Amino acid sequence: MGDPLKEQLPQVRKEIGLLFQDPDGQLFNPVVFDEIAFALRQLGLSLKEINEKVYEVAKALGITHLLNRLTMRLSYGKKKKVALASILVYNPKILLPDEPVSNLTPKFVEEFKTIIRKLKSEGKSIVIATHDINFVIDLADRIYILHQGYVIAEGKINDLLFDKELLERAELELLIIMRILEKMIEYSILSKDDIHEISLALEAFIEFLINKVCKRMKN
């Protein structure tokens, strides 16, 4: 038997970072610097350490110019970055982003992907909750598909994301490439028999790209 959950909470809070889907529900300090520094102050760090860590994470996320801005006057995307900075600043081992790129520009999506890859290379555990399959396809090592509160499938990307029936059951959007293939069948450019071969080729291509990215990150 381990320690009671209530006694574990102080330590657990240091190890886990939860990123809300809506940053307005997460941010509460009037000024950006204070928002990012809040957790460090609760941990009792010195003023020097707080300043160093805040500026370090702000620089990494490209938001040093926002440190003296009013939090609630920022755009939605900038609020997302500040919320992420307020978590990364205390260096949690586990990051739990909830719909991290919803309603964001393609530029921010790519920036977030870069951050996720870097955190993975540092040995962090990241559990992303999302409906955006196209976002996670080149990030996830393993996928769990939920429907009505239950896990209905789990496995590697290649085993699940080309399963049209499974995705429809879970009310998830098909990959862009699968929608294109469906249209090509509709207009008799391809037959249904072609889809299996194309899916296998796409799976191999995606796996090739993932391996290339992983090798480059290690170098």
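Here, each number is a calculation from the coordinates, and none is a lab measurement. Everything numeric here is computed off the predicted structure, so don't read it as measured data. Ideal geometry is used to build each Cβ from the backbone, glycine not excepted, and the neighbour counts take in all protein chains shown.
The residues neighbouring PHE20, those whose beta-carbon lies less than 14 Å from its own, together hold a net charge of -2 under the Lys/Arg +1, Asp/Glu -1 convention. Percent of C-alpha pairs per 10 Å bin in the stretch 1-153, short distances first: 10, 38, 35, 15, 2. Using the Cβ of VAL31 as centre and a radius below 14 Å, the other residues enclosed give a net charge of +3, where K and R count +1 and D and E count -1. Remark: HIS65, HIS131 ranked as HIS65, HIS131, counting other beta-carbon atoms within 10 Å and listing the fewest first.
Determine the alpha carbon to alpha carbon distance for each of LYS59/LYS120; LYS48/LYS120; LYS53/LYS78; LYS80/LYS164; LYS113/LYS212 and list only those over 23 Å. From LYS59/LYS120; LYS48/LYS120; LYS53/LYS78; LYS80/LYS164; LYS113/LYS212, over 23 Å: LYS48/LYS120; LYS80/LYS164. The trypsin sites (Lys or Arg not before Pro) of the stretch 105-142 meeting both criteria, a DSSP state outside H, G, I, E and B (loop) and at most 13 other C-beta atoms within 10 angstrom of the site's C-beta, are ARG142.
Summarising the amide proton neighbourhood of LEU95: residues at separation of 5 or more, or on other chains, whose placed amide H is nearer than 5 Å comprise GLY17, SER125, ILE126, VAL127. Here THR114, THR64 are placed in order of increasing Cβ neighbour count within 10 Å, fewest first, which gives THR114, THR64.
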